[in-house]
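This report refers to the structure that appears directly beneath it.
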């Protein structure tokens, strides 16, 4: 498993926590940061998957 997949999954989880926290406390900026982190994590995870596929794993 590629490091990017692990880091991407962690970033998605962090983003989800930020997004929920932003919703709970009514902080739109924190909520939007969470959404951005989740999206970046998904992209990073996809890149890691592509690298794995190229390596034949």
Mind telling me which of the residues 33, 19 ends up being assigned to a helix (DSSP H, G or I), under 16 Å from the mean Cα position of the chain (by Cα) and either at pLDDT below 95 or buried (at least 18 other Cβ atoms within 10 Å of the Cβ) (or both)? 19
Looking at this structure, is residue 24 surrounded by fewer than 16 Cβ atoms within 10 Å (Cβ to Cβ), touching a residue at least 12 places away in the same chain (Cβ under 8 Å) and either part of a helix (DSSP H, G or I) or touching a helix residue (DSSP H, G or I) at 6+ places or on another chain (Cβ under 8 Å) (or both)? no
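The values are calculated or read from the model by the stated rules, or taken from the named source; none is laboratory data. Note that the structure is a prediction, hence the values are computed from the model and not measured. All Cβ positions, glycine included, derive from the backbone under ideal geometry; neighbour counts span all protein chains shown.
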